[in-house]
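First comes the structure, then the notes that go with it.
The values are calculated or read from the model by the stated rules, or taken from the named source; none is laboratory data. Just so it is clear, the model here is predicted, and its values are computed rather than measured. All Cβ positions, glycine included, derive from the backbone under ideal geometry; neighbour counts span all protein chains shown. To get the accessible areas, we keep the full protein, side chains included, count just its heavy atoms, and leave off ligands, DNA and RNA. Shrake-Rupley method; radii C 1.70, N 1.55, O 1.52, S 1.80 Å.
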Amino acid sequence: MGKQQTRCRRDEDLTGQLGTRLRHFMHLESTSATLLVIASLLALAWANSPWSHGYEHLWETVFSVRFGDVGLSMDLHHWVNDGLMVVFFFVVGLEVRRELAVGELTDRRRMVVPLIAGAGGLLLPAMIYLALNPSGEAARGWGIVIGTDTAFLLGMLALVGPAVSTQLRIFLLTLTVIDDIVAVSVIGVAYTENLEIGPLVVAGLALVGIFVLDRVKVWRAGPYVLLVLIAWVATLGAGLHASIAGMLAGLLVPAAEPTRAQMEVATSRFRAFRQSPLPTLQRETRDELTRTISVNERLQETLHVPTSYLIVPVFALANAGVDLRNGVLGEALSSPVTWGVVAGLVLGKTLGIGGGALVATRLRLGRLPQGVGGGHVLGGAALSGIGFTVALLITTLAFDSETLQRDAIVGVLISVVIASALGWVIFQVAARFLGQRDAALPKLLSPPVDPERDHIYGAEDAEVTLVEYLDYECPFCARATGTANEVRDYFGPRIRYVVRHLPLAQHPHAELAAVAAEAAARQGKFWEMHKHLFEHQNELEHQDLAGYAGVLGLDVEQFLRDLEDPALAEHVREDMASANASGARGTPTFFVGSHRHEGRYDARTLIAALERSATGETARLGIRSRR
C-alpha cells in the first residue's frame with residue numbers, strides 16, 4: 001500500500017464522517033439485537049404452539065435453483081444455514097479485513113491484550129464444557145461454546161452497556177476477530193467428515209481469483225461478487241460448511257482509504273459535469289466517485305442492513321424453535337450438555353476473557369484502550385457469552401442426535417439470558433462503585449487554548465474558536481482541502497483558528513514538517529510555512545524544508561539550527577500528548593470551543609457547529625486567560 005493510501009485517522013468511529021458511520025452501525029446493532037430476541041421468542045412460541053407442525057413443515061420445504069441440468073436443491077432450513085449465513089460471515093470477513101488494513105488493527109500493538117483475552121475466551125469455555133461432557137457424542141459439542149455472536153454481542157452492548165461505549169466496542173470487536181476466525185476454522189476442520197477434492201479446488205481457485213482482482217486493482221464490485229458465489233457453491237459441493245467460503249472471501253476483498261490523487265480526479269470530473277451536464281460525463285463522474293471508495297466498504301454498506309435486519313433474525317427464527325412440551329424442558333435442564341453449554345459460554349467467557357485481559361495488562365504486555373476500565377472489560381466478557389448464531393450453527397454440525405441438539409439449543413438460549421443479565425449487572429456495578437461510566441475517548445480539549453503557546457489565527461478574544469489537530473503529510477487535513485479557509489472567510493473577525501500538531505506514525509516526514517513550522521514561527525512566519533507545507537505535501541525532505549525557508553525569506557541558517565533544537569521537538573510532542581488527552585486519534589480532528597467535533601468535517605457542518613457554539617456555553621470554554 002502506498003504512502004498516500006495509509007489512513008490519516010485511526011479511531012474512525014470518533015472523527016469526521018466515519019463517526020456518523022459508527023453511530024449508524026451501532027443503531028443497526030441495537031435494532032438487530034432486538035429483532036434477534038423477537039425472532040427467537042417467536043420461534044419458541046411457534047414451536048410450542050398448536051401450530052408447531054407448521055413451523056417444522058416450513059423449514060422442511062425444498063427449494064431448488066436450476067439452470068438446465070445444473071442446480072442446487074436444499075430444504076429451507078439449509079438455505080438459511082448454508083446460504084444466508086454465508087452473507088453474514090462474508091460481512092464479518094469484510095469487517096476484519098478493513099480493520100486490519102485501515103482500521104484499529106493497523107496498529108498491531110493494540111492487538112496484544114485482545115488476543116490474549118480472546119485466547120482465554122476460547123480455551124477456558126471448551127475446557128469447562130469437556131469437564132462436564134468428557135466422552136461420547138456429547139464431547140463433540142465443545143465447539144459450541146467457543147464462538148461469540150458478534151452481531152448479538154454488539155447489539156446487547158448498545159442496549160445494556162455504557163451510554164457511550166465506542167472504545168469498549170473497538171476492544172470487543174478486536175477480540176471477536178480472533179474468535180470468529182477460530183470458530184469458522186473449527187467448523188471447517190473439526191466438523192467436516194467427507195471432502196470432495198474437485199469442488200474444493202474450484203473453491204480455492206475462486207478465492208485466488210479474488211486475491212488477483214485485488215492485485216490488479218479491479219474496483220468494480222461485480223467480479224468480486226461473482227467469485228464469492230462460485231466459492232460458495234463449490235464449498236458446498238466439497239462438503240465444507242459454506243461459512244468458511246464467506247469468511248475467507250471477505251478477508252480477501254481489498255480495503256483502502258481514498259488517495260489524494262483519486263479525490264482530485266473525482267473532484268475535477270464533478271466540476272466538468274457541473275459545467276457540462278452530459279450523460280457521458282455523468283457516467284464518468286459516477287465511476288470516479290465510486291472508485292474512491294474501496295470495494296470492501298461499498299459491499300459492507302450494501303450488506304449491513306439486510307444482514308442485520310433480515311438474515312440474522314431469519315436465522316434465529318429457523319434455529320431457535322425447540323419444542324419443550326411433554327417434559328422435554330425438564331429433561332434438557334437435567335442434561336450435562338445443557339449445563340456444559342451454559343457454564344462454558346457464561347462462566348468460561350467471563351473468566352477467560354476477563355482473566356486474559358487482566359494477566360496481559362498486569363504483565364505489561366499491552367494496555368486497555370483509553371477510556372476502557374476493568375469493569376468495562378468484565379462486562380463485555382460477560383456479554384461475549386452470547387454465542388447464539390455461531391453456537392446454534394455448530395450445534396447442528398456437532399450432533400446427529402436430535403436430543404443432544406435440543407439440549408444444546410436450550411443451553412444456548414439460557415446463556416443468552418444469563419450473559420445479557422450478568423453483563424448489565426457488571427456495567428451497573430462498574431458505573432456506581434468504580435466510576436467507570438462511559439467507555440469512550442475524552443471529548444474536552446486538554447489543555448485549553450493558550451495564547452502564549454498556541455498558534456492563533458485571528459483575535460485572541462474572538463467570539464468562536466476552532467481548534468484543529470493536523471498532520472502536514474495527511475492528504476485529508478482540512479487546510480489542504482480548503483475547509484479551514486472557507487470557515488475563516490465565513491466568520492471573519494468573529495473566529496480564532498488554532499493549530500496543533502498530530503504527526504502520525506504512518507507519515508514519515510510529518511514530525512519533521514511540524515518542527516519546521518515551529519522553526520518558522522520563531523521568525524514570525526508560522527502561517528506562511530503552514531500554508532507552504534500543505535502546498536508541497538509530497539516534498540517534505542530536509543532539503544525541501546530548507547528551500548521553503550529561503551522562499552519565505554527566513555534566515556536559513558537559523559532555521560536549520562532550529563530544526564535540530566530539542567525544545568521545538570518537545571513542543572510537537574506536547575501537542576501529540578494533548579491530542580491523546582483530548583481524544584484526538586487521527587487527522588484532521590476539530591474542536592469547536594473546547595468540545596471535540598464529531599461527524600462530518602466539511603465547511604458547512606463546521607460552520608453550523610460554530611454558530612451553535614456562539615449561542616451556548618461552549619463558545620468561550622476554549623479560552624484560557626493570559627496570566
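Being of a type outside the set (Phe, Trp, Tyr) and crowded, with 22+ Cβ neighbours inside 10 Å is the filter here, so list the residues in the stretch 75-94 that pass it.
Within the stretch 75-94, Asn81, Met85, Val86, Val91, Val92, Gly93, Leu94 meet the criteria.
So which of Leu173, Leu154, Leu159 is open to solvent by 20 Å² or more (accessible area, probe 1.4 Å), aliphatic (A, V, I, L, M) and closer than 23 Å to Leu94 by Cα? Exactly one of Leu173, Leu154, Leu159 is open to solvent by 20 Å² or more (accessible area, probe 1.4 Å), aliphatic (A, V, I, L, M) and closer than 23 Å to Leu94 by Cα, namely Leu173.
Rundown of residues vs (1) aromatic (Phe, Trp, Tyr); (2) in contact (Cβ under 8 Å) with a residue 24 or more places away in the chain, yes/no style:
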position	(1), (2)
Ala126	no, yes
Tyr129	yes, yes
Pro134	no, no
Ala139	no, no
Val145	no, yes
Thr150	no, yes
Gly155	no, yes
Ala163	no, yes
Thr166	no, yes
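For the stretch 285-309, the candidate set comprises residues that are surrounded by fewer than 17 Cβ atoms within 10 Å (Cβ to Cβ) and over 25 Å from the mean Cα position of the chain (by Cα); within that set, the residue that is farthest from Trp219 (Cα to Cα) is Arg286. It is to be established whether one or more residues within the stretch 556-570 are within 30 Å of Gly371 (Cα to Cα), open to solvent by 60 Å² or more (accessible area, probe 1.4 Å) and at pLDDT below 90. No: the stretch 556-570 contains no residue that is within 30 Å of Gly371 (Cα to Cα), open to solvent by 60 Å² or more (accessible area, probe 1.4 Å) and at pLDDT below 90. Anything in the stretch 571-611 that is open to solvent by less than 30 Å² (accessible area, probe 1.4 Å) and of a type in the set (Gly, Ala, Ser)? List them, or say none. Passing the criteria: Ser578, Ala579, Ser582, Gly583, Ala584, Gly586, Gly593, Ser594, Gly599, Ala603, Ala609. Does Arg110 satisfy the criteria of being touching a residue at least 24 places away in the same chain (Cβ under 8 Å) and over 30 Å from Trp59 (Cα atoms)? Yes: the conditions hold for Arg110. Put simply, of Phe171, Phe211 the only residue that is modelled with pLDDT of 80 or more, in a helix (DSSP H, G or I) and in contact with a Pro (Cβ under 8 Å, 6 or more places away or on another chain) is Phe171.
Against the definition (out of contact with any Pro (no Cβ under 6 Å at 6 or more places or on another chain) and at pLDDT 90 or above), how does Ile181 come out, yes or no?
no
Of the residues making up the stretch 32-57, those that are more than 30 Å from Leu154 (Cα to Cα) and assigned to a helix (DSSP H, G or I) are Ser52, His53, Gly54, Glu56, His57. Considering only residues of the stretch 251-276 that are within 26 Å of the chain's Cα centre (by Cα) and open to solvent by 60 Å² or more (accessible area, probe 1.4 Å), which is nearest to Thr292 (Cα to Cα)? Filtering first and then ranking leaves Met263. The residue that is modelled with the highest pLDDT, counting only those in the stretch 238-264 that are touching an Asp or Glu at 6+ places or on another chain (Cβ under 6 Å) and within 18 Å of Val202 (Cα to Cα), is Ala238.
Considering the stretch 330-382, and only residues there that are of a type in the set (A, V, I, L, M) and part of a loop (DSSP other than H, G, I, E, B), the residue that is surrounded by the most Cβ atoms within 10 Å (Cβ to Cβ) turns out to be Val372. Identify all residues within the stretch 234-250 that are assigned to a helix (DSSP H, G or I) and surrounded by fewer than 18 Cβ atoms within 10 Å (Cβ to Cβ); write none if there are none. Result: Gly237, single match. Among the residues of the stretch 400-420, those that are small (Gly, Ala, Ser) and more than 25 Å from the chain's Cα centre (by Cα) comprise Ser401, Ala408, Gly411, Ser415.
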